[in-house]
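Before any comments, here is the structure.
The values are calculated or read from the model by the stated rules, or taken from the named source; none is laboratory data. All values derive from a computational prediction rather than experimental measurement. Here Cβ is always computed from backbone atoms with ideal geometry, including for glycine, and neighbour counts include all displayed protein chains.
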Amino acid sequence: MALSLYVDTARWRAHQKSVIDQFPGLVPVCKGNGYGFGHERLADETIRFGSDTLAVGTTYEAARIKDWFSGDLLVLTPFRRGEEPVPLPDRVIRSVSSVDGVHALVGARVVIECMSSMKRHGVKEEELGQLHAAIEDVRLEGFALHLPLDRTDGSDAVEEVIGWMDRLRAARLPLHTMFVSHLRAEELARLQQQFPQTRFRARIGTRLWLGDHEATEYRGPSWTSPPSSRATGSATGSRRPPPTAGWSSWPAVRPTESAWRRPRRCTA
């Protein structure tokens with residue numbers, strides 16, 4: 001059964017602009033199946049609104065999208081020793097979540113993940129002293145914190161970031177850039193005001209591409225079988241009327257599908 005994604009393009013892009021205005025220096029995230037739009041479509045949108053960096057989920061995604069986006073590509077999945085090597089251009093930035101990982105990426109551009117309260121991955125406070133020697137052999141693009149989406153314990157996201165800023169500063173590590181996830185605009189503004197020498201960059205995907213639920217709609221044929229048709233196996237198909245003017249119809253990208261195939265246009 002075919003499934004199409006209908007997009008109110010003007011409204012969708014107006015929402016993008018509102019998010020970008022709230023989060024200066026935002027890094028768009030395009031991972032998985034591209035939130036249903038496909039990697040290539042979101043790369044086009046990222047180029048359109050002028051971001052210099054696009055975040056992707058894996059090295060395989062970076063290898064595919066590099067021909068569509070000519071800026072920096074930030075791979076969110078942390079590097080692991082023994083992972084399958086994927087040929088990538090120099091503009092790809094690797095996330096690293098361990099001191100060992102930093103040592104393994106000599107000469108590479110890296111973002112070092114700090115262990116947040118999510119306890120998913122990242123360097124720990126007691127490991128910060130070991131980073132001094134390690135970062136001498138890489139090109140450090142900044143540190144990062146992947147924060148919890150929901151804080152059921154009532155903790156303060158800003159205070160968590162401040163705590164890590166204080167630890168990094170006490171360890172005398174460079175604090176020129178901090179990448180963050182799952183902060184509100186007002187929280188990011190508080191941090192930027194408190195640490196004016198550090199550039200805070202929010203990594204945002206769902207809120208940017210799918211935040212306005214009225215801008216997108218999935219549609220497909222609906223098949224019904226009246227009782228009298230069961231003996232013959234016939235069915236009656238019905239389709240909703242097309243959307244009004246201003247909407248665009250795109251093929252929806254399923255998680256297991258490749259995104260649209262079009263001629264390459266960007267070089268590495």
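Those residues that are touching a residue at least 40 places away in the same chain (Cβ under 8 Å) and either over 16 Å from the mean Cα position of the chain (by Cα) or surrounded by fewer than 16 Cβ atoms within 10 Å (Cβ to Cβ) (or both), I need them from the stretch 69-95; list them, please. Listed by number, the residues that qualify are SER70, PRO89, ARG91.
Results for (1) within 19 Å of the chain's Cα centre (by Cα); (2) among the hydrophobic types (A, V, I, L, M, F, W, C); (3) more than 23 Å from VAL29 (Cβ to Cβ); (4) not assigned by TED's automatic domain parsing to the domain that holds SER116, shown as yes or no for each residue.
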residue	(1), (2), (3), (4)
ALA144	yes, yes, no, no
ASP150	yes, no, no, no
SER155	no, no, yes, no
GLU186	no, no, no, no
LEU191	no, yes, no, no
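Quick check: is even one residue across the stretch 98-117 in contact (Cβ under 8 Å) with a residue 40 or more places away in the chain, charged (D, E, K, R) and within 17 Å of THR59 (Cβ to Cβ)? Looking through the stretch 98-117, none of the residues is in contact (Cβ under 8 Å) with a residue 40 or more places away in the chain, charged (D, E, K, R) and within 17 Å of THR59 (Cβ to Cβ). Taking VAL86, is it within 25 Å of GLY163 (Cα to Cα) and modelled with pLDDT of 95 or more? Here the answer is no, as VAL86 does not meet what is asked. Within the stretch 72-94, does at least one residue satisfy the condition of being assigned by TED's automatic domain parsing to the domain that holds GLY163, out of contact with any Pro (no Cβ under 6 Å at 6 or more places or on another chain), hydroxyl-bearing (Ser, Thr, Tyr) and over 17 Å from PHE179 (Cβ atoms)? No, that holds for no residue. Taking the criterion of being without any contact (Cβ under 8 Å) to a residue 60 or more places away in the chain and out of contact with any Cys (no Cβ under 9 Å at 6 or more places or on another chain), the only residue of the stretch 25-44 that qualifies is ASP44. Whenever a residue of the stretch 175-195 is among the small types (Gly, Ala, Ser), its partners that are in a helix (DSSP H, G or I), lying with C-beta atoms within less than 8 angstrom and at least six residues away or across chains, give the pairs ALA185/GLN22.
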